[in-house]
Structure formats: C-alpha cells, structure tokens
Amino acid sequence: MIKISVKRYHATRQPPEMVQEWEVEEGMTLLEALSFIKEKRDPTLSFRSGCRSSVCGSCAVRVNGREVLACAYKPKNGDVVEPLRFSSVIKDLIVDQDESFATLKRAKAWLEVPNSEAAVTPEEEKRTEVQSDCILCGACYSACPVHETNPSFLGPFALTRDWRYVADPRESGVKSKIDAIQQNGVWDCTLCGECTAVCPQG
C-alpha cells in the first residue's frame with residue numbers, strides 16, 4: 001500500500017481548502033486510485049474522468065506540481081494531487097475549463113471563411129494535423145508560467161491552435177488571426193517549453 005494526498009476544495013465547507021491523505025494499492029493508475037477512494041472511502045471526493053484511455057483529456061490534474069492525466073499516471077508513495085492551475089476550482093479536482101476555452105475565442109482559433117478552392121498538399125496536411133491531436137486537457141494552460149504574472153495571456157492552448165489555422169491554406173482570414181494574438185499573445189511567450197513537457201500528445 002502507498003499513501004497519496006489530495007488537495008480538496010468546497011466553497012461551503014469550513015475551511016474551504018484542505019489536504020486529505022488516503023492509502024491505496026500500489027500499481028493502479030491515479031484514476032483507479034481516485035475511483036477506489038470515492039467508492040470505498042469517501043463518496044464526496046470529486047474529479048473528472050471519461051475515456052480512461054488518455055483520449056478525452058478530462059482527467060488532467062497536477063501531481064507534485066506537474067500536470068498529468070490521471071488515467072495514465074501511476075502514483076507513488078507521498079504524491080500530492082491537486083487541481084489544474086489558473087482555472088477556478090469548482091470542487092476538489094474539478095476546475096472550470098471555460099476560462100481556458102475562452103482564450104480560443106480571443107485568438108479567433110477556428111477556420112474562418114474557408115477558401116474552398118485552396119488545395120491542400122500532404123505536407124501542409126501533416127503540418128496542421130499535429131495540433132488537431134489536441135485532447136483539450138488544459139495541461140499546457142495550467143503549466144504555463146506566464147499566466148502567473150499575466151492572467152490575460154492567451155497561452156499555449158490558444159496560440160498553437162491559432163497556428164493550426166494560420167498554417168492551413170484553406171484559411172482566408174489569416175491576418176485577423178495574427179492580429180488577434182499580438183496583445184497578450186505570441187510576444188509574451190517565454191519559450192520555456194513547459195507546455196510541451198506536459199502535453200500528453202507530445
């Protein structure tokens with residue numbers, strides 16, 4: 001058996017934040033451990049999960065200050081589990097993802113006025129499909145240190161998604177997208193690579 005601690009939050013509880021420790025079996029995934037705690041120890045523990053296969057991204061949390069997918073991470077003795085950063089905590093490990101998704105709107109990160117006549121070469125398709133693999137987990141948004149000093153920063157989630165459409169030859173609104181990321185965007189990135197390090201899609 002190993003011991004893991006979970007940072008919990010509930011707005012109506014006093015105190016609203018606390019850290020709780022449980023014993024779980026060694027060798028299970030963090031998601032299995034959290035499910036075990038909920039089913040056998042404390043039914044009030046709240047967290048998100050979906051596919052259990054590292055595809056949906058809904059179970060992203062932080063362990064010992066590092067973003068992981070709970071369904072893929074194997075906990076170790078003494079691990080501390082907490083919610084993602086820079087998003088409001090709804091309860092325990094569940095955060096409000098609307099805040100990170102709102103950056104997509106500010107960056108105009110969608111295919112705008114598609115140019116249906118533009119031909120896409122295999123090289124161009126390959127260049128844009130990498131960002132298409134994003135599972136919307138929010139790990140990169142949470143890992144970005146620029147958010148600590150500038151909460152208005154668009155962040156890697158929006159900037160890489162914007163790049164996907166700027167690089168797409170079918171996109172006819174390239175200038176509007178580039179204009180949208182000039183303030184609190186591309187020039188504020190410190191190129192630290194923290195987003196790349198925690199991305200479950202590589």
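In segment 56-67 there is at least one residue that is acidic (Asp, Glu), open to solvent by less than 30 Å² (accessible area, probe 1.4 Å) and under 24 Å from Leu136 (Cβ atoms). Cβ separations smaller than 8 Å between residues 6+ apart or across chains give the following pairs from segment 140-163 residues that are in contact (Cβ under 8 Å) with a residue 24 or more places away in the chain and among the charged types (D, E, K, R) to residues that are open to solvent by less than 40 Å² (accessible area, probe 1.4 Å) and outside any loop (DSSP other than H, G, I, E, B): Arg161/Leu104; Arg161/Gln131; Asp162/Lys177; Asp162/Ala180.
Selection over segment 136-165 of residues that are in a loop (DSSP other than H, G, I, E, B), open to solvent by 20 Å² or more (accessible area, probe 1.4 Å) and not hydroxyl-bearing (Ser, Thr, Tyr) gives a count of 4. All conditions in (1) over 30 Å from Tyr73 (Cα atoms); (2) buried (at least 20 other Cβ atoms within 10 Å of the Cβ); (3) in contact with a Pro (Cβ under 6 Å, 6 or more places away or on another chain) hold for Ile181, with the sole exception of (3). For segment 9-24, taking the residues that are surrounded by 11 or more Cβ atoms within 10 Å (Cβ to Cβ) and either assigned to a loop (DSSP other than H, G, I, E, B) or in contact with a Leu (Cβ under 7 Å, 6 or more places away or on another chain) (or both), the one that is modelled with the lowest pLDDT is identified as Arg13.
Evaluation of Asp168 against the conditions (1) exposed (fewer than 15 other Cβ atoms within 10 Å of the Cβ); (2) over 30 Å from Arg48 (Cα atoms); (3) at pLDDT below 95 shows that the sole unmet condition is (1). Evaluation of Val6 against the conditions (1) within 25 Å of Ser100 (Cβ to Cβ); (2) out of contact with any helix residue (DSSP H, G or I) (no Cβ under 9 Å at 6 or more places or on another chain); (3) in a strand (DSSP E or B); (4) of a type in the set (A, V, I, L, M, F, W, C) shows that the sole unmet condition is (2).
The values are calculated or read from the model by the stated rules, or taken from the named source; none is laboratory data. Since this is a predicted model, take the numbers as computed values, not measurements. As a convention, Cβ positions derive from the backbone with ideal geometry for all residues, glycine included, and neighbour counts pool all protein chains shown. Side chains are part of the model used for accessible areas, which takes the heavy atoms of the whole protein and leaves out ligands, DNA and RNA. Shrake-Rupley method; radii C 1.70, N 1.55, O 1.52, S 1.80 Å.
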